[in-house]
Each structure stands twice: as C-alpha cells, then as structure tokens.
Amino acid sequence: MQLPAPIRNLYERWLARRLPPARQIVLDQRRIFIFPTGYGFFYLLVAALLFIGGINYENNLILALSFLLASLFMVAILHTFRNLSALGIRNGGSESGFAGEEGALEIVLFAQRREHHCVWLRWRGQDDQQISIRRGEEESLWLNLPLAKRGRVMAPRLKVESRFPLGLLRTWSYVSLDHYCLAWPRPEESLDCPADGGKENQQAFSSGQSGNDEFQGLRSYIPGDSLRRVDWKGYARGRGLNTKQFEEPVGGRLWLRWDRLQGLGEEQRLSVLSYWILQLDPQRQPYGLKLPGLTLAPDTGDVHRWRLLDALASYPDF
Amino acid sequence: MQALDKALAQVGRVVLGKEEQLKLALTCMLANGHLLIEDLPGMGKTTLAHALARVFKLEYRRVQFTSDMLPADILGVSVFDPNTQQFSLREGPVFTQLLLADEINRATPKTQSALLEAMEERQVTLDGVTRPLPQPFFVVATQNPVDQAGTFVLPESQLDRFLMRISLGYPAPEVELQLLAGGDLREQVRELQAVINSEGLIKLSRVVGKVRASHELLDYVQRLLDATRSDDRFVAGLSPRAGLGLLKAARAWALVSGRDYVLPEDVQAVWPSVAEHRLSARQGGSVAAITQSLLQSVPVIRR
Amino acid sequence: MARIYQVPSHTRLWLALAVLLCSIPQLVKGPLWQAGLLVLVILIRWLVEQQRLTLPGRMVRSLLLIGAVALTFYSFGRLYGPEAGVALLVSLFALKYLEVVQQRDAYVVIVLGYFVCGTALLFSQTPGMFLYVVLCMTVLTSCLVGINHSDTRASGFLHGKRALVITLQSIPLMMVLFLLVPRVAPLWNMQVGGDKARTGMSDSMSPGQISELSESAELAFRVDFQGDVPPRAQRYWRGLTLSHYDGRTWQQAVPKGQLESEYLYRRGTEKPDWYRKLESRRSYEQERYLYEVIAEPSQRRWLFSLAVPFPLDGDMALAKDMRLVANQPVSQRLAYRVESVPAINEVIGLTPQERQLMLSLPQNAGKKARGLAHQWRKESSSARDISQRALRYFRDQPFHYTLRPPRLTADPVDDFLFRTRRGFCEHYASSFTFLMRAAGVPARVVVGYQGGEQNDMGTHFLVRQYDAHAWSEIWLEGEGWTRVDPTGAVAPDRIELGLREALENSEDGRDLLADLGLRRFSDGGLFAKVSQWIDYVDFRWQTWVLGYDRAFQSDFLESLLGAVTPARIAIALIIAVAILMGFYAFFLLWQTGNEKLTLMEREYWRLHQRASERGRPLVAGLTPMQLCQAISEQWPQAAVAAENWAKYYQKLHYDPLSPPDKQQKRHLRSLRNRLYKLLD
C-alpha cells in the first residue's frame, strides 16, 4: 500500500499544511477522515444482493430489508464519526533514552463532550494501542519512540483511528503533536575523567574506595554523624566514639567540564560526558556539569542524573 | 483584625514601600507556613524577619549558614556524659519561635535537609528522643539567587516545604531616599511595639481555618492546579500538598484583607508566591511568566 | 490444538440469540432435524464457552456439514429451489456459528444472518414477520457492536441499547428509500410457492361443496371501492361459470373447437369481436364501479369481480363469460384494480356452439324435472316467463334453505326437487339451471361470493369463505346473459342480509351458528374491535407496503414531484436523505457534553460575553471584580453599576453562608440588565 514517492511527498505536504503541529488538539471535522472498511464494502455488497433479490422476487419486504441495511450503514457513518469527533489529544510526559535505543512519549486523551470507545493510536512502524475514554475524563498512553540520533526527537505524526460502533467504517485522523523526546548522547568510554578535581578522584573511583577526601584526623562523635565515618577500630580499642574527619578536595565537588575535552568533536564530547555521568552517578558524590551556556550545580540522585543527561541531549539549545 | 492592620503598619515602618511583600509574609505566618525570601544581600531580609518577630513578640534567632555547618549545629547535640553514662541533649538554634536561616543555600544538602525535616515535622529527633519545637514555629530562610559559586541550590522537592517564596527587590527611588534619611534600622526595629503576643498569633492562625471557601472557589483552585498539570511547559504539575497550601494561603490572605470568606482575588494574590518555587519550566521558559499566564487563561467561573 | 475463542464474552450471548432468532422462522416450518441441529450447535458452543469441551475439530464439522446436506436432500428431494435452498442456508448458518473463532468468523455469521432474515420474508410477508425481522436485525447489530467493542468496560446490555438506537434511527431512512428508490423490473423471473391454498372454491360444483365452505370464516379477498359502492344485493362476485353437468357435478367447459384466443382477451393481443363490442359500449354507461381487490392466495387462476369487469392492471385476462383469469395461479396475495360496468352484458352474443353447450343435459338424469320443464315451456310465451315460473315454483312449494341438507340419492335433481326440498344455494342453482336447460333456455351456473361485510373503519369490504355462493345465469334474447338467483326466491334474507342474518332468522340456523362457533364480526366486544383493527392494519399493509409496486410508485411520485424523471427522483432522494441525516447529525454531534452551568455561572458569562463583544476581548481568568474593573475602564459611565453588580455577585457566589435564593438571583439579573444598557 505504498504510494509512489512523489505522490506520497505531495500527500505528506498537504497533510502537514492541513494539520499543523500543536501541543493540544481537539479533533473536528476538518481533521477527521472516514472510509468504509473491507467489511463495510462486504456489507454493502450484501445489501445490494438483497436489493437484487427483492427486485427479482418482486418482494417489497426484502427490498425494505436491503434499504434497512443501507440505512444502518448511513447512520453508522454518523456514529463512527462521532466516536472520534471532539476527542482531545495533548502532550503528556516524555521519557528520554540514549540515542539508538527507545524513548517514550505520553499522549493524553481527554473527552470533553462524550465518551470515546476503542480508539487506536499508533505512529508509523509501531504497534497499535487501544484506549477508551469516558466523558469528562482523561486517559494516557505511553508510545515508544525509536531515538535515532542525539538531540530532540520530534513526535512523528500520530494516527488516531476508530471503527466503533459497527466496524463498517473506519474513521481516522493524523495528529502532529508538538512533542518531543530527548535522546541522550550514546555513552562513549574514555579513560580521562573530564572533571575538576583531577586524577586522584578518578583513581578513587577506580579503586572502589568509599570517600574520596583526604583523611584529616579524629574528633569526638556528635550525634547525627554518619556511622560510616565512626572510627570503629578505635572504639573497639576503648578510645571512645570518635568520628573520622576528612578534608574536602579543592572546589568541594566534582565538575564535569566541556572545555576539558579539547580536540574532540561536539558529539564525541557529549558522548564522553554522558559516559562519565553514568560512571559518577553510583558514587554518591555530588557532581556538576559545565557546558557552554549552562551550568548545573553538583548534586546526586536520579533526578539530577536525568537533568544532566537532558542538558547534554538538548545541547546547544537548552 | 485591627491587630493585623496595626502589625502591618508597624513592620511597614522599618521595611519601607513593600506593603505587598509584608502582607504576603504576614499571610504566610498566619497560614502557619515557612517563608523563603530570595534576594540579594542587603535588601532588608533580616530587617523584615526581625521586625516580624518583634511585632508578634516571638523568640527570634538568626543562623548564618555556611558550608562547614553540620546538622548538629542547627538541631543540637546529644552529648555523652561519661559520668552518668547517658546522653544529654543540648538544644540547637532551631529551638526558637522564629528562625531566620540566612543564606540557606550555603549549607551542605545534609544540613539543609536536617533543617527542612525539622520544619516539616515541627519536632527534632536526636538519638531516639523526640522533642517538639516551640509554638508557634516559623522559619524565614533566605537564599541568594545570583551568587551560585560554592552553593547548594535547594532542590525542588525541598522547596515544597516552604509555603511561600517572595523577593523584596530594590526599593523605589522615593522610598530609598526616605531610607537614606532615616536613622539606624537596627535601632528602629528594636523600638517596634509588639502588637500581639505569640498566643494571639496562634489564635489568629486558628481563625484562618474558619475562613469560608465556597464550592465554586474550591472548583477554581482545582482548575488552577489542573492547569499546571496539563501544561506541558512545566516539567511537572503542582502536588496536592501544594494545592492545600494554596488554599490555606488564600484563606489567610482573605483574613488579612479583613474578610471571612475567600474570593478568587485572594487565590490570585498568593498564587505566584505559592506556585512559582514549586514548578520548574522545561527548557527556556520563565516559570513566573507561565504561572502568570495561567491566571489569565484559567476561567475563574466555570464554563 | 486448543482453539481460542476471541469473540468477547459480553457478545457471546448476543451471537447465540441472533442465530436462534434468525433461524426460528425456518425451524417452525422446516423439518424437525433442523431444530435438532441448532440445539446441538448451541449446546456445543455453550459447553465450549464453559470450557468443558474443546471446539470440535475439522473432522466433526465436516461430518456435520455432510449430514446437514444429506438430510436436506432427504427432506426435500433436492438441494436447489427455494425451500431446500433456504433449509440448507439455515443449516450452514448454524454450522458457521459453531466454528466462530475470530472476529472475521463472527462477521460471516452476521452476514449469513442478514440472508436468513431475507429468506424468511420470501415465505411470509405479514407485518408481524417484518417486525420480527427488524428485531433480528437489531440483535445482529448488537453483535456487530459487541465484536467491535474490545473494552473492559463493555457490557452486553449497552450493546443492545446502542443497536436499538441505531436501528430506530435507520427506520425513517429506510422508509424514505422504500418510497423513493425506483423499482426496477425483475432482472430474471423467479417464483416462490407461497402459502398453500387453504379452503377455497374448487373448479367444479357438486352438492355439499359450497356448504362446506360456509363453515369457514377465512378471508377470501378484500375489496376497496373508490367512489360508489353497489348495494349488497348487487354484490355478486363472479368467479367461475360452470356449463357442463354430468348429473351430479357442474364443471367448466368451452364449446368444442373454440380457441383460447377467441374467448380470452389478454391485453396486448388481438381484440376478439365480443371484446370490441364491450369496449365500444363501456364508455356510454353511467353506472360503473372502480375498486381494488386484494385476493388471498388460492393457488387458482380465477379472480373475483363484479359483472363485466375490465382489468386495470396487467397479468390477467378477461374471459368471454365476463370473468377475470390470472396468468399464474394466485400463490401470494394479489392486488388488482378493476372497473366493472354492469349494464353492458347484453352485447356479448351466443354462438350456436355455445348455445348447444348451454342446453346440454345428461341423458338419464332428472326425468321428472324434464317433464315439469316441458310443461312450463308449453304454457309460457317467453324465456323470462319460464324462469318466473321456476322461481314461483321454488317459492310456493315447501322448499327450505339450510346449511345441512339431507343426503341426495341416485338422481340428485329429481330427489331434491320432488322429495327432500331442503338445500343450500348450490342445490337451488343446480336444479334451476337444469330446469332452464330442460325448458330450452340456455343457462349456466355461476360460482363466486355474494355480499361481503364492510370493515368497521369503513374503509373496505371483507369477503369471507362463508360468503361463497352459487347462482344461475340464463340467456335472454336482447338482454344477453341475465343473472337469476333461485336462492333469493327461497331465502331472500340470504341475499339481502347475508348468510349470518339468514341463519339467525331461521330456527335451525341459530343452533347451527352456535355449533359452528361462527360469530358475526361486529357482534363481539373488545376482541372483535381488536381483530377489526388487526384486519385494518393487514389491509393497509397489503395495499400500501406490499402493493407499493412500480405503478403505485410512479403514481405516488407523480403526485409528489409533478413529473417522474430520473433527475427529480434523484433530487428528492438526496434532499430527503440529507434532511434526515442532518437532523441526526445535529443531535449526535452538537449535543453539548458540558455539565450544565448554574444560573450564577451563566449570569457571569453573559456579562463577560457582552462586554467582550462590545469592547475589547477579555480573557477568561477574570474575577467578577476584575470584570467590573475592565468594564469601568472602557465605559466610565457604567462604573457604579458594574461595581454594584460585582459586589453583589461575589457575595452571592463565594460566601457559602449566603447561597443565593430566587429573589437574590432576580435582583442580580436586574443589576446586570441595568449594566447592559450602559454598555454600548
């Protein structure tokens, strides 16, 4: 069912003009297409056969039956159309992923005026997902999106389709959502950590020690101190409860820096930074990121990691 | 209600030309919430906090946060006494009625979270001993928005603990002139008269809960919350807790405005200071601009 | 291999119901094994759905199919033809239902269901059957809704409701199509054996045959007169003329050597002499009756009409003995329009061959009767005089009119005339005709119906089997064939009032009526009323729905459109369909889904809208007070009124302690109206 390329291009351009992208779209007659399904044509054939039968047997009631079938079909046009009409679609959340893998976009459907049954959503090359929305409610769906290369991956045109209630007709609409998924740079292994704080940090990570600070001395234990830093050996020797004191390294925290990766291409720099974010994340050491035009303060945790990766993905338009 | 007007007038004598912010600060106190002031140094943050404490006759302490501060420096220490073989608690500065936490973003996340936990629970637990904080208990924290070097910006999840965030900003020229002509501010603060005592304040904050809110108003608040959730310019919408805070702040504002029921104006008045610091915009957006635009687009009356 | 049933559970019951309902019309009249097959299939499906049985494999299904085909052949002797074909279709329908596994199979079952519904209408065309078929269609549509509803919240009840709504919406459209879509001539001819003939007139008459008919109240035909209605005593519905008598039975006969084209005139063929004469006289006569007859199926070719009928529709011929003959036996209800002109029978002549036939008598029957006839002939001057004498004889001698005449022995003519003298119309008609022939007057027996009752609605006449009658016609020089009813001489009530009255007026008749359980239609109470209504509906169904043929349609369209051209029909069709569809679209698509706004909310939005229309557009997020400020800025003169409104509004709307009562709302409206006047 592939059209020749020039025709398809024309069609795509026409669609783009007719259905410009938006963050939120309520389907109306301008956007909804309708056409009989295969079964719909079969059904019409049956109606035609009954019509011929009625004519030949000069049987008015069989004729009436064939007219009833035809009328059902016509009324079904309205009902099928109605099932998609006034359906609202808007952006939901977005789940980023590494380039080459899959991200996901959340599509929120809302029913302002009536309920919508068995609506199928899909974008090209993906499986259908079905959803029903009750009047006045919202439902959301996550649709996977392959992320080809780093950056913002715009949502493809979404196909919204329904055959409800009789399956005789198919009504559909294309929705261009102004919605995107961030594709993080694919991590690229690199030995040098492009971070302020230098080599000792890097070694500290690689040797797997907990803590990266210089040991400074002991002080008496203050409640609230981390129990990991208590000098348990000393306590066992009867020296009382003492806390090990460490000196923070220069700058206090790690800064991953773009400008320490001189001589690499843009994408490669981003990939190396991505790699090191993943490396630093499990260390529970606050780390920050300095990119041209954006500085993100050091912190730890999942949210922080995502924020940094998102920054790498959206570089240079944050 | 006259007491509230008087209190506003008193504080207004030392914090000049900031009636709106004063009213918000007072509202925040009445709503039993903590206040975050984001401003450059020298804008009168300390004066404001101190003046509020004076006017309501509250026990007042000020802590300057630094990066070497430990949780114990705020909460207190449980000291082991080898003679009695027991721990004894030495209360930290948090045991007061009004705590000014200056430059909170200079402390390490650990210290920050210790304070924030105490703020939320209004009690301190040290070595399994739980001690309640005095009543009432307010924290006025300040944060320097510009100088980020060597600071730990409060994470969004922690910002939720503050009912409101305000910023004072530069004074208007004529006000500044007045300020320059005036004497020592510290002196003036000390001269302020107490208007109500702390018990009075507690009573007032109980009255806040009795300010009536109609179903239609709750509906409006809900629509506003919903709008933040469905607007994809935000990373995430407001939490239900933020919604409760918004309603409580609107009630307090109505009380400060001398009304015993809430109007949508009250909600709109507290909206920026309640909502902005809890929301973060996706790339490039200004939270302030978007929250403001929601007030324009969300219908006040259902339609 | 385990087979997975994919038709959703909420639709299984609908599907089973659809299969059952669609099959019932065939099961009722078809062989018993069909019902057995369906019960078996439904049972298997039920067990499968209970997961107590796996779906039968290909082998079992093939065996069932072969069995069904074999049984069909066994029951009908063939596999083609309407009866056998429909039986086969219904069996296949059940077997297809057995193997429903996927949505596609369910679609096939539903489509087969449409055909099964269609075939049910081949054999019965009553309004009840059509309603039943519409019901089946609704159930089939429910199945369609069900198999397209793969939602966890779906429920079978809602499928039915949705299907009912869709079907009800389709019915007006169906009527439009029915009225306006042009009827095309059949592409090829097909006939279906319809209802088997019930009681009815046979093509011969022997003693006792008509009196048997009199015991039936079944409908023979209906008549709808347009314009004048002849009086009861003139309503002789002629069916057959019987000219040959063998001493016991009267039969149809034509003179030897006469060609069909000489005594039957069919439209489009060459007009015989007698028809040309009839036609030339037809237009001079004033007395004429225009009517439509709707005949029940009789499996006979003869049709009933008043004397000297001219058929107005095709498919039938006029015979020289002044009666109508259908081209095919009447196997289904048949409606035909006739114009009868009673007074022109005189122009039909009598050929010598015909005269010979009309005088012929069996050799050795009725010796005494012949004697009587000869005597009358000698004493009379004319044929009319002879017939008067005969009638006087019936009147003067002790003849009785009875539904239960005694048996007649060897010579029925003499036995009746001189011994029993108790008889029914056929006895009188038969013996009168015999006497006339014996006296040299050409005569024949006519059988048909006499009278008929008018429906209570006053619309049409019902002629029932008990109106069956026999009378005579004699040939008079210069007058042609003249009707003589000897029964009238014996029992004038029979002719004037009808059989019911006639029997009620006689002693034994009343007992007889009670015995037979025959009651006059109009006698009963509610039941009779209802049956009159049912009859009326049936009659209208017959004339307006089943009788809506090409001729009727083109008349109707002509009165509707002025002229019947394809363009006009197309335009009318498009307009009618568009109006209906637009009406539905309006209700289906424009219904607002929003919860209704309260009066207070409407108040606000009205003002908001007015201010936005008259001044600059306003945003939605305005509190009442902000709205008031926006108004004051643009219309300073309205500032005070606006503030009054806003203050009052916010107090009413936002203070839960003072929910607005009616009076306050009215006051608010008056404040707004005051404000309205200031905004321009």
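Some notes on this structure:
- Single residue of A:Phe164, A:Phe110 found to be part of a loop (DSSP other than H, G, I, E, B) and within 11 Å of another protein chain (Cβ to nearest Cβ): A:Phe164
- Residue ranges of helices (runs of 4 or more DSSP H) in the range C:602-680 with at least 2 members within 14 Å of chain B (Cβ to nearest Cβ) and basic (Lys, Arg): C:639-654
- Cβ-Cβ under 8 Å pairs, at least 6 apart or on other chains, the range B:54-73 side within 12 Å of chain A (Cβ to nearest Cβ) and more than 30 Å from B:Glu191 (Cβ to Cβ), far side in a helix (DSSP H, G or I) and modelled with pLDDT under 80: none
- Any hit, the range A:62-73, residues being surrounded by fewer than 20 Cβ atoms within 10 Å (Cβ to Cβ) and more than 7 Å from chain C (Cβ to nearest Cβ): yes
- Subset of the range B:278-303 that is part of a helix (DSSP H, G or I) and closer than 17 Å to B:Ala250 by Cβ - its residue that is nearest to the other protein chains (Cβ to nearest Cβ): B:Leu295
- Restricting attention to the range C:166-184 and to residues that are within 8 Å of another protein chain (Cβ to nearest Cβ) and part of a loop (DSSP other than H, G, I, E, B), the residue that is modelled with the highest pLDDT turns out to be C:Val181.
- Note on the range C:449-465: among residues that are on the phi > 0 side of the Ramachandran plot and in contact (Cβ under 8 Å) with a residue 40 or more places away in the chain, the one that is surrounded by the fewest Cβ atoms within 10 Å (Cβ to Cβ) is C:Gly452.
- Subset of the range C:619-654 that is polar (S, T, N, Q) and touching a Pro at 6+ places or on another chain (Cβ under 9 Å) - its residue that is surrounded by the most Cβ atoms within 10 Å (Cβ to Cβ): C:Thr623
- Residues in the range C:16-54 that are over 21 Å from C:Gly146 (Cβ atoms) and not in a helix (DSSP H, G or I): C:Gly30, C:Pro31, C:Arg52, C:Leu53, C:Thr54.
- Candidates B:Gln178, B:Gln158: the one that is part of a helix (DSSP H, G or I), closer than 23 Å to B:Leu24 by Cβ and within 13 Å of chain A (Cβ to nearest Cβ) is B:Gln158.
- Residue list for the range B:272-286, filter: modelled with pLDDT of 85 or more and hydrophobic (A, V, I, L, M, F, W, C): B:Val274, B:Ala275, B:Leu279
- Counting the residues of the range B:83-102 that are in contact with a Pro (Cβ under 8 Å, 6 or more places away or on another chain) and either modelled with pLDDT under 80 or not in a strand (DSSP E or B) (or both) gives 4.
- Residue match in the range A:63-84 (condition: among the aliphatic types (A, V, I, L, M) and modelled with pLDDT under 90): no
- All of C:Leu112, C:Leu63, C:Leu89, C:Leu43 fail the test of being modelled with pLDDT of 90 or more and more than 38 Å from the chain's Cα centre (by Cα), apart from C:Leu63.
- When we screen A:Tyr43, A:Tyr39, A:Tyr57 for residues that are touching a helix residue (DSSP H, G or I) at 6+ places or on another chain (Cβ under 7 Å) and over 30 Å from C:Val145 (Cβ atoms), the only hit is A:Tyr57.
- Subset of the range C:655-665 [surrounded by 17 or more Cβ atoms within 10 Å (Cβ to Cβ) and either under 16 Å from C:Arg606 (Cβ atoms) or among the aliphatic types (A, V, I, L, M) (or both)]: C:Pro660
- Only one of the listed residues (B:Gly92, B:Gly76) is more than 30 Å from B:Gln188 (Cβ to Cβ) and touching a strand residue (DSSP E or B) at 6+ places or on another chain (Cβ under 6 Å). That residue is B:Gly76.
- Residues satisfying the stated conditions in the range C:93-105, i.e. facing chain A (nearest Cβ under 10 Å) and either buried (at least 20 other Cβ atoms within 10 Å of the Cβ) or without any contact (Cβ under 8 Å) to a residue 40 or more places away in the chain (or both): C:Arg104
Conditions tested, residue by residue: (1) without any contact (Cβ under 8 Å) to a residue 12 or more places away in the chain; (2) in a helix (DSSP H, G or I); (3) more than 12 Å from every other protein chain (Cβ to nearest Cβ).
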site: B:Leu224; (1), (2), (3): no, yes, no
site: B:Arg229; (1), (2), (3): yes, yes, no
site: B:Leu238; (1), (2), (3): no, no, yes
site: B:Ala249; (1), (2), (3): no, yes, yes
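- Selection count, the range C:110-165, where residues are in a helix (DSSP H, G or I), among the polar types (S, T, N, Q) and either free of Cβ contacts under 8 Å to residues at least 40 places away in the same chain or within 7 Å of chain A (Cβ to nearest Cβ) (or both): 2
- Qualifying residue in the range A:74-92 (condition: among the small types (Gly, Ala, Ser) and more than 8 Å from chain C (Cβ to nearest Cβ)): yes
- Residue selected from the range A:302-318 under the condition assigned to a loop (DSSP other than H, G, I, E, B) and facing another protein chain (nearest Cβ under 8 Å), by the criterion surrounded by the fewest Cβ atoms within 10 Å (Cβ to Cβ): A:Asp317
- Tally of residues being touching a Gly at 6+ places or on another chain (Cβ under 9 Å), assigned to a loop (DSSP other than H, G, I, E, B) and crowded, with 18+ Cβ neighbours inside 10 Å across the range C:289-310: 5
- Within the range C:213-268, considering residues that are small (Gly, Ala, Ser) and surrounded by 20 or more Cβ atoms within 10 Å (Cβ to Cβ), the one farthest from C:Met436 (Cα to Cα): C:Ala220
- Matching residues in the range B:265-293 - criterion: being over 21 Å from B:Ile37 (Cβ atoms) and either basic (Lys, Arg) or outside the structural domain of B:Ala250 (by TED's automatic domain parsing) (or both): B:Arg282
- Screening the range C:198-234 for residues that are among the small types (Gly, Ala, Ser) and modelled with pLDDT of 80 or more and picking the one that is nearest to C:Arg483 (Cα to Cα) gives C:Ala233.
The values are calculated or read from the model by the stated rules, or taken from the named source; none is laboratory data. From a predicted model like this one, the values you see are computed outputs, not experimental measurements. Neighbour counts are summed over all protein chains in view; Cβ atoms, including those assigned to glycine, are modelled from backbone coordinates with ideal geometry.
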